[in-house]
Structures are given as C-alpha cells and as structure tokens.
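Here is the structure we will look at, set down as structure tokens.
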Amino acid sequence: MLAWALVFLLIAFLAGILGFTGIALAAAAIAKICFIVFLIMFILSFFFYVTGITFELLTFVFVFFFISIIAGIIGFTGIALIAAGIAQVVFFIFFIMCVVTLINYLMRRSNIDKH
C-alpha cells in the first residue's frame, strides 16, 4: 500500500512539473521553430532533388516534410497548452490518490498494531 502511495506521488510530481512550470509554452515555441527549419530544409531538399543533384534526397524530402507537419501541428494548434491543462488535472488527481492511499495505509497499520 505504501508503494502505491509513492507511485501516485511520483506521478503527481511529474504531472505538476509538466503542467505548472511553463514547459508547454517552451515546447510550443520550439515546435514552431522546428516547423520553420524543417520546412526550409524540405524546400531545399526538394529543389536539389528536382535539379538532379547527385545524391538521393527524396527520402530527406519526405522526412523533412513530415517532421515539419508534426511540429506545425504541435506548435500552432495549442496541443501543448491543452496537454499542460491535462497535466494539471492529473497532478491533483494523483496527489489526492497519494494522500488517500497513505491515510489508508496508516489506518491499517494502526489497526494491525492494536491486535
């Protein structure tokens, strides 16, 4: 029972770090920068491929394109902020579960000591 209380506390701690520290805003900003960088790399790779530069860039074209799309979705749609809100809710849920489990553990332990 005590192990579960510690697990709940650890999950609450991690969710609190992700939800309350502003990491989501930083992640959204980084995703926006990645979108722009990979979009530029996509355009350059596609240009080099079309002009017939000697090395195979078609795979890089598609990789940069998909990375830029994913970074754009994360950075421009607000998914990171939604995730931060969810992390805040998870923090409170698991913190309450930790406290309840710890109280339950202490009550059972005191009942065992009485017998």
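Every number in this text was worked out from the coordinates using simple rules, so none of it is lab data. Predicted model, so just to flag it, every value in this text is computed and none were measured.
Here are some notes:
- Debye log10 I(q)/I(0) at q = 0.16, 0.22, 0.23 Å⁻¹ for segment 2-109, Cα point scatterers: -0.76, -1.00, -1.04
- With respect to the chain, whose longest principal axis is taken over its alpha-carbon atoms, helix 23-51 is tilted by about 20°.
- Degrees, to the nearest 10: 58-76 long Cα axis against longest axis of the chain: 50
- Folded to 0 to 90 degrees: helix 79-114 orientation relative to the chain principal axis, Cα: 20
- Within the chain, helix-based [θ] at 222 nm, where runs of 4 or more DSSP H residues each add -39,500 (n - 2.57), nearest 500: -32000 deg cm²/dmol
- When the Gaussian network model of the chain links Cα atoms closer than 10 Å, the mean-square fluctuations of F94, F35, F47 top out at F47.
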